[in-house]
Amino acid sequence: MIICAGNEENFDFALSTGVGLIETAMNITRLCLFDKPEFLLFVGTAGSYGDAKIFDIIESKTAANIELAFLNNNAYTPLDNVVSTNETDVRDIVVNSSNYISTNKELTKNFLKFGVGIENMEFFSVLKIAQEFDIPAGGVFCVTNYTDENAHKEYLKNVEKAKVLLSEHVKKRIDELTKRPKV
């Protein structure tokens with residue numbers, strides 16, 4: 001099953017599950033309880049902490065929930081704040097999730113030291129619920145902005161093109177998968 005956040009990020013091939021960590025968690029849990037999917041693929045946009053470029057397409061199976069206060073030792077968590085459905089030796093770009101969009105370029109570049117490359121508001125919830133229901137899951141993201149003072153303006157400027165690029169990428173990957181010989 002292919003899912004997306006909704007609002008500005010709707011796709012004709014994806015079911016909208018809500019914006020942010022809470023709406024996503026509630027709606028995916030409801031979905032899994034009543035009609036458990038065999039696989040979850042989340043499609044959405046992301047902000048870059050500096051390495052990924054605008055309109056890069058990134059696939060990942062690893063997410064984190066690290067708040068900005070952690071980066072300057074102003075917070076800690078007793079919770080497991082990284083989740084992965086990656087079962088290969090290939091290292092994923094970690095996608096950070098928060099209900100807030102980061103706008104401090106100097107602070108957010110510190111995420112790169114931890115292997116965290118981009119942020120998307122929903123992905124941690126997607127993987128956490130998938131893990132709870134033992135569902136394979138992953139995500140495909142198109143970078144729309146950097147995490148700086150212009151984040152929202154750049155997102156709005158780039159979201160429509162990002163949706164086109166994501167649609168093309170996902171449809172191409174589906175075609176590749178359906179043409180593979182069955183073993």
Self-check item: On Cα atoms only, tilt of 20-35 relative to the major axis of the chain in degrees
Solution: 20
Quiz item: So what's Rg/Rh here for the range 16-68, counting alpha carbon atoms and using the Kirkwood radius for Rh?
Solution: 1.01
Exercise. Name the residue, out of G18, G138, G115, whose mean-square fluctuation peaks in a Gaussian network model built on the chain with Cα pairs under 10 Å.
Key: G115
Self-check item: Exposed GluC sites (Glu not before Pro) absent - longest run of the chain, DSSP non-H/G/I/E/B, at most 12 other C-beta within 10 Å
Solution: 88-148
Quiz item: In degrees from 0 to 90, rounded to the nearest 10, what is the angle of the helix 123-132 Cα long axis to the longest principal axis of the chain?
Solution: 50
Quiz item: Amide H of I3: which non-local residues (sequence gap of 5 or more, or other chain) have their own amide H closer than 5 Å, using H built in the peptide plane?
Solution: L15, L41, F42, V43
Exercise. Using only C-alpha atoms and all pairs of different ones, pull out the Kirkwood radius for the range 115-183 in Å with one decimal.
Key: 14.5
Exercise. Kindly give Rg over Rh for the chain, based on alpha-carbon atoms, with the Kirkwood expression for the hydrodynamic radius.
Key: 0.95
Practice problem: Return the long-range amide H neighbours of A137 (sequence gap of 5 or more, or a different chain), with a cut-off of under 5 Å between placed amide H atoms. | Solution: L40
Quiz prompt | Candidates K171, K161, K53, ranked by Gaussian network fluctuation over the chain, Cα under 10 Å, top entry | solution = K171
Quiz item: Within straight cross-link reach of K172, meaning Cα distance under 20 Å, which lysines are found once same-chain residues fewer than 8 apart are removed?
Solution: K61, K161, K163, K182
Quiz item: Rounded to the nearest 500 deg cm²/dmol, what is the calculated helix-only ellipticity per residue at 222 nm for the chain, with -39500 (n - 2.57) per DSSP H run of length n ≥ 4?
Solution: -11000 deg cm²/dmol
Exercise. Mind sorting V159, V83 by how few other Cβ atoms lie within 10 Å of their own Cβ, fewest first?
Key: V159, V83
Quiz prompt | Exposure proxy ranking, count of Cβ atoms within 10 Å, fewest first, for Y155, Y100, Y146 | solution = Y100, Y155, Y146
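None of the figures in this text is laboratory data; all of them are computed from the coordinates on show. Predicted model only: the values in this text are computed from it and were never measured. Methodologically, a virtual Cβ is constructed for each residue, glycine included, from the backbone with ideal geometry; neighbour enumeration extends over all protein chains shown.
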